[in-house]
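What follows draws every value from the coordinates through simple rules; no lab data is involved. Given the structure is predicted, the values throughout are model-derived calculations rather than measurements. Using ideal geometry, Cβ is built from the backbone for each residue, glycine included, and neighbour counts are taken over all protein chains shown.
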Amino acid sequence: MPSRTTQRARNLRNHPTDAEQKLWRHLRQRQLDGARFRRQHPIGRYITDFACLEHKLVIEIDGGQHAERSAYDAARDDFLRRCGYRVLRYWNNQVLRETEAVLEDILRHLAAGNRTVP
């Protein structure tokens, strides 16, 4: 029987936000620099919106509710960083209205690997 986290991830995959759907159209099937992204992927007890395991990169798409959950998000990001992941966060409206800029930023981080990106 799948864990609660796995079941929740499956449910989230079946009910994506508009911003998640739009970004996924560009990330799926190795379209972005050949990187394989997974959506709603569990890492520890957390579920990431998108994760590229080979590049240790997590992408989070935040809606308005995240402004009220900043302490939770900070603890989550800290956990992911301790696991070796770089975490990128974008607001829903950035993904929906500035898609190309978001994709360029993700590409820059993919190209940088584990180096620090300005």
*Would you calculate the separation in nanometres between label points at Gln7 and Arg69, each defined as 7 Å from the Cα along the Cα-to-beta-carbon direction?*
1.9 nm
*Size of the chain along its principal axes in angstrom, Cα-based, largest extent first?*
37, 30, 30
